[in-house]
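Below: the structure, in structure tokens.
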Amino acid sequence: MNYLDFKEYNQYAILTIKRPPVNALCHELVEELYDLIRKLEDTRHIRAMVITGAGEKAFMAGADINELDKRDFIEARHVTKRRQEVFNMIENLHFPVIAAVNGYALGGGLELALSCTIRMASEKASFAAPEINLGITPGDGATQRLPRVIGQARAMMMILTGTRIDAETALTYGLITSISSQASLFDDAVEMCKKIASKAPLAVSYAKQAVLISGSVDMHSGLMFESYVHALSCASTDKEEGVEAFLNKRQPDFLNK
């Protein structure tokens with residue numbers, strides 16, 4: 001099966017998850033994601049990417065319940081380790097990934113969105129970690145990423161009650177950065193993608209990694225990492241181009257060098 005629609009444009013890409021009716025996460029979809037992200041790890045011409053769901057109902061409405069019904073201890077460990085691996089790969093891509101959440105982002109859908117660099121949502125979007133309602137816990141990253149994004153208290157509430165929150169609440173929590181109309185979400189996400197893609201790719205990549213590491217190291221280690229990546233960016237050709245363009249009042253032409 002082909003559950004992914006991947007299109008490349010000038011310096012950015014669009015990835016659409018298409019598994020109707022609600023883009024549920026299944027084993028085959030995870031493996032397709034793995035294969036694609038592995039290829040993107042070695043790509044240098046793509047500078048940013050949007051991930052969204054096909055249709056207007058769901059970004060991704062959680063795991064495939066038929067697969068979940070057959071999951072025992074051994075299968076659960078295998079499945080969650082693989083999905084954590086794939087979501088970690090998305091989180092750590094050298095370029096930013098923007099989640100355009102166009103509907104339900106539940107369970108695995110929430111966890112996929114959390115692995116993205118920036119999350120934008122439509123007015124119809126909603127978010128939940130509903131696993132507790134099925135007698136299980138989240139397994140694809142929610143217990144670790146959600147508290148880092150919205151704080152422990154709010155994450156506890158969402159995970160322990162399975163409460164679904166709407167886009168306005170998600171914005172208040174800091175889970176998303178903006179709310180668009182259903183009609184304009186995709187265009188708004190693409191504009192964000194283009195804006196990032198216009199910046200110096202090495203500097204964007206270094207800055208992304210510095211922000212990511214801030215949640216797992218002490219201040220001293222984080223500042224040291226920041227200093228080193230700043231120094232690396234200063235040694236780049238793109239730094240010379242950026243400064244020269246600024247001084248000459250023109251748009252820079254960054255070459256990813």
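Nothing in this text is a laboratory measurement; each read-out follows from the coordinates by a stated rule. Quantities reported herein were computed from a predicted structural model and do not represent experimental measurements. Neighbour counts are summed over all protein chains in view; Cβ atoms, including those assigned to glycine, are modelled from backbone coordinates with ideal geometry.
Since only 215, 193, 233 are under comparison, the one whose Cα sits farthest along the positive direction of the charge dipole of the chain, derived from C-beta charges on Lys, Arg, Asp and Glu, is 233. Would you please state which residues of the stretch 145-182 a label at residue 123 would reach in this model, taking the label point 7 Å out along Cα→Cβ and a backbone N cut-off of under 11 Å? Backbone N within reach: 180-182. Length available on full extension from residue 178 to residue 56: 0.36 nm per residue minus the Cα-Cα distance, which gives 42.2 nm.
Here the stretch 1-83 is assigned +1 on the Cβ of each Lys and Arg and -1 on the Cβ of each Asp and Glu. Its dipole about the Cα centre then comes out at about 260 debye. Relative to the longest principal axis of the Cα atoms of the chain, helix 237-247 runs at roughly 70 degrees. Compute log10 of I(q)/I(0) for the chain with the Debye formula, placing one identical point scatterer on every Cα and leaving out solvent, at q = 0.08, 0.09, 0.10, 0.14 Å⁻¹, to two decimals. Log10 I(q)/I(0), no solvent term: -0.33, -0.41, -0.51, -0.97. In a simple Cβ point-charge model (Lys, Arg +1; Asp, Glu -1; nothing else charged), the stretch 4-197 has a dipole of about 380 debye relative to its Cα centre. Think of each Lys and Arg Cβ as +1 and each Asp and Glu Cβ as -1; about the Cα centre, that makes the dipole of the stretch 109-163 roughly 180 debye. Could you sort out which of 7/199; 18/195; 18/239; 57/239; 7/57 sit more than 32 Å apart by Cα distance in this structure? Result: 18/239; 57/239 exceed 32 Å. For the pair residue 44 and residue 228, label points projected 7 Å from Cα toward Cβ lie 2.2 nm apart. Relative to the longest principal axis of the C-alpha atoms of the chain, give the angle of the C-alpha long axis of helix 27-41, reported between 0 and 90° and rounded to the nearest 10°. Tilt relative to the chain: about 10 degrees. One chain, two ends: residue 137 and residue 245. Fully extended at 0.36 nm per residue, the span grows by 33.7 nm beyond their Cα-Cα distance. FRET efficiency for the residue 84 to residue 169 pair, using the beta carbon distance and R₀ = 30 Å, is estimated at 0.70. Looking at the stretch 8-79, the GluC sites (Glu not before Pro) that sit in a DSSP loop and have at most 14 other Cβ atoms within 10 Å of their own Cβ are 56. The alpha-carbon of residue 208 sits under 13 angstrom from the alpha-carbons of these aspartates and glutamates, leaving out residues fewer than 8 places away in its chain: 91, 226.
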